[in-house]
Amino acid sequence: MSDTKFEYVLSVKDELDKCTKCATCLAGCPTYELTESETLAARGKIRLAQALIDGQIDLTDRVKNDFTQCLSCMNCLQACPSGVDTMAVFEAVRHEIAERDGIGTFTRLIFKHVLPYPGRLNLLAKLVGLASLFYTYAPNVFSSLFPYSPMGVKRVTPDFLQPNLRSVIGEINPTGAVSTPLRRVAFFTGCMTDLAFPKTGKHVVELLNKAGIEVVFPTGQLCCGAPAYFNGDVETAKILARHNLDVLSALDVDAIVYSCATCGSVLGETYPHILPDDPRAKAVAEKMVDFQKLVIDQAVASAFAGTEKEGRKLKVTYHDPCHLRRGMGVHQEPRKLIKSLPNVEFVEMEGANSCCGGSGTFAVKYYDMAMEQGKRKVDWIAASGADVVVTACPSCQLQLADALHRHGSTTPVLHTADLIDYVLAGKAPDLRKPEKKA
């Protein structure tokens with residue numbers, strides 16, 4: 001057994017000491033509920049971390065797996081009555097793993113030589129898009145040869161072949177509604193909105209413009225650093241963070257808007273954590289605002305008001321992204337926004353704030369578990385009777401679409417910005433499910 005001190009784990013010893021082992025964190029932990037494995041819950045992970053610095057265990061493959069097999073949903077962080085910063089503990093151990101074992105040659109290549117370069121990232125996305133096209137349309141008889149195709153059902157893949165957002169909107173997007181904009185905001189899109197869901201980003205810009213808000217698209221913005229950070233490569237996350245702080249701090253804007261929950265949480269919470277001595281991190285964090293929250297706070301919803309039409313309304317339910325609800329504290333505003341739309345009926349589903357099972361690379365590494373958690377969401381969505389499920393995170397959007405498809409549901413998944421555009425364009429009836437005949 002190694003006698004080398006675990007310096008990153010030692011740095012969070014105060015958090016380990018706070019834990020009273022009360023087991024409150026077990027309830028609601030998705031990985032624990034799916035496996036009933038104590039070491040996949042926060043209490044078990046904290047015991048493992050303590051055992052590492054006490055010299056009782058080493059970073060074995062089992063220990064590494066337990067710390068990477070985490071959805072980072074923050075349920076344990078919110079539930080802990082002792083205020084243990086469980087996310088800091090998990091990050092410290094993942095950082096330790098990355099420093100000792102590395103993150104793998106391919107992963108390192110992506111983090112170090114692709115994420116910091118938008119052109120390279122766009123090229124990689126297009127190559128993945130081409131591979132996905134072959135994967136999607138290859139005859140099902142070959143499904144057993146492909147990954148992520150249990151029972152011959154292929155996973156839903158993002159459309160990376162469409163033009164990315166950077167290529168379809170300008171750096172300055174002025175309002176056409178009033179001569180003086182209500183606010184001037186920057187839009188931090190994140191990689192998935194830019195590359196996989198550019199229409200969502202375009203809808204965000206258009207809707208804010210209609211409401212008299214000028215939108216600046218910082219062309220120098222890079223990946224927020226979430227993939228590197230959550231895989232223990234904190235140094236790469238810091239490099240990306242410093243660059244984004246350089247870009248965002250130079251802008252004369254009232255707020256920085258995001259439509260991706262993870263990006264918002266990383267800029268709003270992670271940057272000040274990993275760069276505590278950089279005053280710009282706190283300043284940028286204080287300007288971060290969710291698109292939905294901005295719409296409600298600025299009374300923009302009234303500008304979207306339309307005329308109610310007769311007939312059954314579109315039933316919409318909402319999935320809370322973990323990083324948005326538990327991370328950034330945004331959960332009432334999306335519901336108010338949906339309820340404000342004409343010809344829409346909001347229905348709350350059971351488990352709306354339960355993790356969908358996506359969590360970025362988690363669904364790549366642990367697809368079966370991700371789909372098992374996704375099945376729970378599918379059942380809750382079905383029970384709600386909703387015509388459409390809406391969320392505010394591209395990763396959640398992709399995971400929900402994949403889970404619904406895998407279990408035979410045709411319920412569409414939209415971002416809130418897409419729902420607004422769809423409803424105001426008068427297309428809402430197209431999404432309604434056929435009414436059941438008595």
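The values are calculated or read from the model by the stated rules, or taken from the named source; none is laboratory data. Remember, it's a predicted structure, so these values are computed and weren't measured experimentally. Backbone-built Cβ (ideal geometry, glycine too); neighbour counts: all protein chains shown.
Just a few scattered comments:
- In the range 115-128, the residues that are over 17 Å from residue 241 (Cα atoms) and outside the structural domain of residue 221 (by TED's automatic domain parsing) form Cβ pairs under 8 Å with partners that are among the charged types (D, E, K, R) and crowded, with 17+ Cβ neighbours inside 10 Å, at six or more places apart or across chains, as follows: 122/166.
- Of the helices (runs of 4 or more DSSP H) lying entirely inside the range 25-79, those carrying at least 3 residues that are of a type in the set (D, E, K, R) are 42-53, 61-68.
- Against the test of being surrounded by 17 or more Cβ atoms within 10 Å (Cβ to Cβ) and either touching a Gly at 6+ places or on another chain (Cβ under 9 Å) or of a type in the set (Gly, Ala, Ser) (or both), the options 401, 383, 425 yield a single qualifying residue, 401.
- Of the strands (runs of 3 or more DSSP E) lying entirely inside the range 325-438, those containing at least 1 residues that are farther than 28 Å from residue 286 by Cα, more than 14 Å from the chain's Cα centre (by Cα) and among the charged types (D, E, K, R) span 344-346.
- Of all the residues in the range 162-209, those that are hydrophobic (A, V, I, L, M, F, W, C) and either assigned to a loop (DSSP other than H, G, I, E, B) or at positive phi (or both) number 7.
- Which listed residue is among the aliphatic types (A, V, I, L, M), touching a Pro at 6+ places or on another chain (Cβ under 8 Å) and surrounded by fewer than 18 Cβ atoms within 10 Å (Cβ to Cβ), from 251, 222, 195, 240: 251
- Yes/no for residue 68 being under 16 Å from residue 93 (Cβ atoms), among the β-branched types (Val, Ile, Thr), surrounded by fewer than 17 Cβ atoms within 10 Å (Cβ to Cβ) and modelled with pLDDT under 95: no
- Within the range 123-161, being surrounded by 17 or more Cβ atoms within 10 Å (Cβ to Cβ), not aromatic (Phe, Trp, Tyr) and not in a helix (DSSP H, G or I) holds for 149, 154, 155, 156, 157, 158.
- Residue 112 vs. criteria among the basic types (Lys, Arg), within 20 Å of residue 263 (Cα to Cα) and modelled with pLDDT of 90 or more: yes
- Residue match in the range 201-220 (condition: modelled with pLDDT of 90 or more, farther than 30 Å from residue 424 by Cα and not assigned by TED's automatic domain parsing to the domain that holds residue 392): yes
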